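Chemist: Below: one structure in structure tokens.
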Amino acid sequence: MKTVAEFAIAYEQLLDGEGRATAALPAFAADEGQMLAMYRMMVLCRLFDAKAINLQRTGKLGTYAPCTGHEATHVAVGAAMRAEDVLCPVYREYGTQIWRGVTLTEILTYWAGDERGTNFAVPRDDFPWCVPIGSQTPHAAGVAMAFKIRGEPRCAVAYIGDGGTSQGAFHEAVNLAGAQQLPVVFVIVNNGWAISVPASAQTGAQTFAQKGLGNGVPGIQVDGNDVIGVRKVMEDALDRARQGDGPMVVEAVTYRLSDHTTADDASRYRPAAELEAAWKLEPLLRTRRYLTAQGWWDDEREAQLRAECAVRIEEAVHGYQHRSPAGPDHMFEHLFANPPARLAPQRDNARRYGPSALRQH
Amino acid sequence: MPRVTLVEGINLALARALSDDPDVVVLGEDVGVNGGVFRATAGLQERFGTLRVQDTPLAEGLIAGMSVGMAAQGLKPVAEIQFMGFLYPALDQIANHMARQRNRTRGRLTCPVVIRMPHGGGIHAPEHHSESLEVLLCHHAGLRVLCPTTPARAYGLLLAAIRDPDPVIFLEPTRLYRMARQDVVDDGIALPLDRAEVLREGDDVTLVSWGAMIHETSQAAELLARENIGCEVIDLTSLSPIDHDTILASVAHTGRLVIVHEAARHAGLGAEIAATVAEQALYDLLAPVQRVTGYDTVMPYFALERAYIPSVERICDAVRDTLRA
């Protein structure tokens, strides 16, 4: 027998758990402004997450999907993308979305049960949150197909979780991207858990990155808590795709430090020791150590940043709590550009019997 | 003026849309070099290239899902699902995304997609090739569902579907693909959406049908005319929304209604029509509404498909029953 195909999956880590460089760093890592911008966004996400969970616990927000632990991956992907690229998120990648212009008020509005939160003022072409797992990946492939047809130098980025890679839609999308060499990057955020099912029970594959290879797309694994590593890997993947050299699957290995959502209690299924160990590798701490070692950061700046974030978050909370009420008409609006005749009497009925305003979170 | 079949009318409309609008993209399994298993896309890839008329990987969920992505970027995908029994994997994308995209983004992202597929049986095809699943689609808000029955209406309605800014499901009666020829002017003029068509006027009973059953329904009306029974035949054409006004006006005139469809009876579209007539025109009725439908069995493999598909005789008997009531 002869070997007709072979594969290897590379693992990238540029910043270790102590915040020390493990290899030569890319130019942006030496740029104080760029590094601080990423760190600031990571801290904003962490604090926003805590606030959103509190709002849910006090009945002011619906079920919320936290992002704590994922900040390095989310922010690095945002920093690597260009404004004209298109993001197809799952539902917890706030770091990427906020970087691209989605507001904290829009995020809170959405999780308050109000779809007006998906009408992003910026970025207009990005997809809204996608709840049916995996179904966002064909959208990204389609967006990338549009870029290819029109010859536009833009890329699509689709997120998916470790559990999501079990969906057929993911493989169908990656397979198309490979067959047509589409400008799309699939980011698998392997956070260890798909609600209660550990990544080890999700697949027999050694890595999630290699799920690209079976579909004709190269895959790479990166330390998802290393903001420099993820950004470098994403910049390379996006450059490659933008030049017409095809798609990439990037597996960012991180850890879901939170529950799946506020409706979940991970202590029922997740070993406490595992969570404790994961906290030692969390992304904010190592980034801060790196910044401190460069002489760019100290406790005073940290305190000032946290105070600024708190103000920004409070403004966002005020924004969503004081938005105009969602009325029954909203169900009927934007259903069709040219609505069928049967809807008007139903809308009138909803006006008559529906609440004048839905209960506001 | 060419005399064309229904499938050739579809081909003419696709070619017209592709040449008029650079945003139109035709995609599906075997739609390229092969020109589609029913030849609906014959010659299009040669004329418009492999990007605008593209063969996709063999995955219906992907075809629908990538269409959502392309549409969000302003393209107008016209996707083909090869047979209606293969619709199921695409339903996730159709129901969860295509039908909802405009509403859930408050109009920011839209989904001007057309999904074409053959509808119904009667051509001795393999299993899963002969389904009539229109209710699965008609139940979803945010979609229009069309089912034209003549070459000219297939041409004009497909153009209307492609130009509509929202998703449209375009069902093509397999049995009628090559049954008849008609003069079709390739003038690029679209027909209005949301309308039923009165095919034949009559005073005694209203027959409502759609898809290939229009053939048997029209034959029944012809036979019954020899018994001096005047049937008004309505081709529903738009399965969602339903043109209830046309049906109600006819029932007000005839006082009797027989609904004929190939799909299974239980929770079929006939029930929706009967319920609306009961709600809005009960006192116009001189007799109970009758339904002549496929049975609540699986669509049988082709040896028995003629036992499943309502026959002219079954329709005639239902009409005679309703006149005796």
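Chemist: Which condition does A:V90 not pass, out of (1) touching a residue at least 60 places away in the same chain (Cβ under 8 Å); (2) farther than 16 Å from A:I188 by Cα; (3) part of a loop (DSSP other than H, G, I, E, B); (4) more than 12 Å from chain B (Cβ to nearest Cβ), if it passes all the others?
Modeler: (2)
Chemist: Okay, moving on. Is it true that A:G354 is away from chain B (no Cβ under 14 Å) and touching a Pro at 6+ places or on another chain (Cβ under 7 Å)?
Modeler: When the stated conditions are applied, A:G354 passes them.
Chemist: Turning to a different aspect of this structure: For the range B:167-187, check the following and say yes or no: at least one residue is assigned to a loop (DSSP other than H, G, I, E, B), within 30 Å of A:T109 (Cα to Cα), among the basic types (K, R) and in contact (Cβ under 8 Å) with a residue 24 or more places away in the chain.
Modeler: no
Chemist: Give the number of residues within the range B:191-224 that are surrounded by fewer than 18 Cβ atoms within 10 Å (Cβ to Cβ) and aliphatic (A, V, I, L, M).
Modeler: Residues meeting the conditions: 2.
Chemist: Would you check if there is a residue in the range A:306-321 being in the same structural domain as A:Q180 (by TED's automatic domain parsing), loosely packed, with under 12 Cβ neighbours inside 10 Å, of a type in the set (V, I, T) and under 30 Å from A:L61 (Cα atoms)?
Modeler: Checking the range A:306-321: at least one residue is in the same structural domain as A:Q180 (by TED's automatic domain parsing), loosely packed, with under 12 Cβ neighbours inside 10 Å, of a type in the set (V, I, T) and under 30 Å from A:L61 (Cα atoms).
Chemist: Quickly run through the range A:130-150 and pick out the residues that are small (G, A, S) and either under 15 Å from A:D239 (Cα atoms) or facing another protein chain (nearest Cβ under 7 Å) (or both).
Modeler: Answer for the range A:130-150, where residues must be small (G, A, S) and either under 15 Å from A:D239 (Cα atoms) or facing another protein chain (nearest Cβ under 7 Å) (or both): A:S135, A:A140, A:A141, A:G142, A:A144, A:A146.
Chemist: Being among the charged types (D, E, K, R) and within 14 Å of chain A (Cβ to nearest Cβ) is the filter here; which residues of the range B:138-168 pass it?
Modeler: B:R144, B:R163, B:D164, B:D166
Chemist: Can you name every residue in the range B:10-34 that is in contact with an Asp or Glu (Cβ under 9 Å, 6 or more places away or on another chain) and small (G, A, S)?
Modeler: B:A13, B:A15, B:G28, B:G32, listed by residue number.
Chemist: Within the set of pairs 6 or more residues apart or between chains, which connect a residue that is more than 7 Å from every other protein chain (Cβ to nearest Cβ) inside the range A:328-342 to a residue that is part of a loop (DSSP other than H, G, I, E, B) and acidic (D, E) with Cβ atoms less than 8 Å apart?
Modeler: Close Cβ pairs satisfying both conditions: A:N338/B:D164; A:N338/B:D166.
Chemist: Go through (1) touching a Pro at 6+ places or on another chain (Cβ under 7 Å); (2) surrounded by fewer than 22 Cβ atoms within 10 Å (Cβ to Cβ) and name the single condition B:T293 misses.
Modeler: So the condition that B:T293 fails would be (2).
Chemist: Further, regarding this structure: Sort out which residues of the range A:151-180 are away from chain B (no Cβ under 12 Å) and more than 24 Å from A:D226 (Cα to Cα), and write them in order of number.
Modeler: Answer for the range A:151-180, where residues must be away from chain B (no Cβ under 12 Å) and more than 24 Å from A:D226 (Cα to Cα): A:P153, A:S166.
Chemist: Out of (1) more than 9 Å from every other protein chain (Cβ to nearest Cβ); (2) of a type in the set (D, E); (3) within 29 Å of A:V317 (Cβ to Cβ), the odd one out for A:E115 is which?
Modeler: Just one mismatch for A:E115, condition (1).
Chemist: Being touching a residue at least 24 places away in the same chain (Cβ under 8 Å) and charged (D, E, K, R) narrows it down to one of B:R108, B:R100, so name that one.
Modeler: B:R100
Chemist: If you check B:T174 against the conditions, is it β-branched (V, I, T) and closer than 25 Å to B:P77 by Cβ?
Modeler: yes
Chemist: Would you mind stating whether B:A180 is surrounded by fewer than 19 Cβ atoms within 10 Å (Cβ to Cβ) and farther than 29 Å from A:I133 by Cα?
Modeler: Answer is yes for this residue.
The values are calculated or read from the model by the stated rules, or taken from the named source; none is laboratory data. Just so we're clear, the structure is a prediction, and the values are computed from it rather than from any experiment. Virtual Cβ from ideal backbone geometry, glycine too; neighbours counted across all protein chains shown.
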